[in-house]
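Visitor: My questions will all concern the structure given below.
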Amino acid sequence: MPKLLCVYCASSDRLDAKYLNLADELGTRLVAEGWDLVFGGGRTGMMGAVARAVKKAGGRVVGVIPEFIKVRELAYDEADELVTVITMRERKLLLETRADAFVALPGGWGTLEEIVEILTLRQLNVVRKPCVLLNYGGFYDPLLQLFDRMQEQHFYKESNRSLYRVVGSVAEVFPAIAAGAAPADPKWYETR
Ligand code: AMP
């Protein structure tokens, strides 16, 4: 069975078409590259766009959605497997467990939280799977500048930079995943 790529992306239903097209492109490419999708199970915004593209291309869609979102009929009901959980935390844990790799597209707070959680777990070696940030049109440049500042001032080690890959296009996502996941150095500088 193909591996599961976890896609984190926007659920907003008021986005410029270029973002929906990006999600569609990733969903189509993901299947062509031999992957299936695991995601937050929503039908709105880029989340819905990526799921519909995967289905259209003949791939399998696994959604993990909290009950309170599902009851608002915001779930992607055409998913091959839709796991219902109670809390957002449970969902994140299941996504992390089921996925073989992670890619983040542009998004809002929910996506940002997912990105930062995965990086936090990567630096502690709790998660050891490839993580790719699709910095489409420089969307994440301000976040990456903040990351630079954190690193320069020793909030984390320079080697953390090897725990994720930043790419600019869908085509670059899959070679970046194939490059694998470097193990993390110990988080602390002096404490053993
Ligand atoms: P945001 O970037 O704030 O739109 O949040 C999107 C991210 O948070 C997705 O990757 C989901 O995992 C999760 N999320 C937020 N809203 C929903 C929703 N309506 N249905 C499912 N997951 C959601």
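Visitor: Check Asp36, Asp24 and return the single one that is more than 11 Å from the ligand (Cβ to nearest atom), open to solvent by less than 40 Å² (accessible area, probe 1.4 Å), under 17 Å from the mean Cα position of the chain (by Cα) and under 24 Å from Pro175 (Cβ atoms).
Guide: Numbers: Asp24 fails: open to solvent by less than 40 Å² (accessible area, probe 1.4 Å).
Exactly one of Asp36, Asp24 is more than 11 Å from the ligand (Cβ to nearest atom), open to solvent by less than 40 Å² (accessible area, probe 1.4 Å), under 17 Å from the mean Cα position of the chain (by Cα) and under 24 Å from Pro175 (Cβ atoms), namely Asp36.
Visitor: In addition: Got at least one residue in the stretch 123-137 being modelled with pLDDT of 95 or more, aromatic (Phe, Trp, Tyr) and open to solvent by less than 60 Å² (accessible area, probe 1.4 Å)?
Guide: Scanning the stretch 123-137, I find no residue that is modelled with pLDDT of 95 or more, aromatic (Phe, Trp, Tyr) and open to solvent by less than 60 Å² (accessible area, probe 1.4 Å), so the answer is no.
Visitor: Do we find a residue being within 15 Å of Ala99 (Cα to Cα), crowded, with 23+ Cβ neighbours inside 10 Å and near the ligand (Cβ under 10 Å from one of its atoms) anywhere in the stretch 41-50? Quick ask: steps written out before the conclusion?
Guide: Our first condition is that a residue be within 15 Å of Ala99 (Cα to Cα); within the stretch 41-50, this holds for 41.
Applying the additional criterion that residues be crowded, with 23+ Cβ neighbours inside 10 Å yields 41.
If we keep only those that are near the ligand (Cβ under 10 Å from one of its atoms) as well, we get 41.
Yes: the stretch 41-50 contains one or more residues that are within 15 Å of Ala99 (Cα to Cα), crowded, with 23+ Cβ neighbours inside 10 Å and near the ligand (Cβ under 10 Å from one of its atoms).
Visitor: If you don't mind, there's one more thing I want to ask. Please work out which residue is most open to solvent (accessible area, probe 1.4 Å), limiting yourself to the stretch 69-117 and to residues that are more than 18 Å from the chain's Cα centre (by Cα) and without any contact (Cβ under 8 Å) to a residue 12 or more places away in the chain.
Guide: It comes out as Arg72.
The values are calculated or read from the model by the stated rules, or taken from the named source; none is laboratory data. This structure is a prediction, so every number in the text was calculated from the model and none was measured. Every residue, glycine as well, gets a Cβ built from its backbone with ideal geometry; the counts of neighbours run over all protein chains shown. Note: accessible area is taken over every heavy atom of the protein model, side chains too, but ligands, DNA and RNA are not part of it. Shrake-Rupley method; radii C 1.70, N 1.55, O 1.52, S 1.80 Å.
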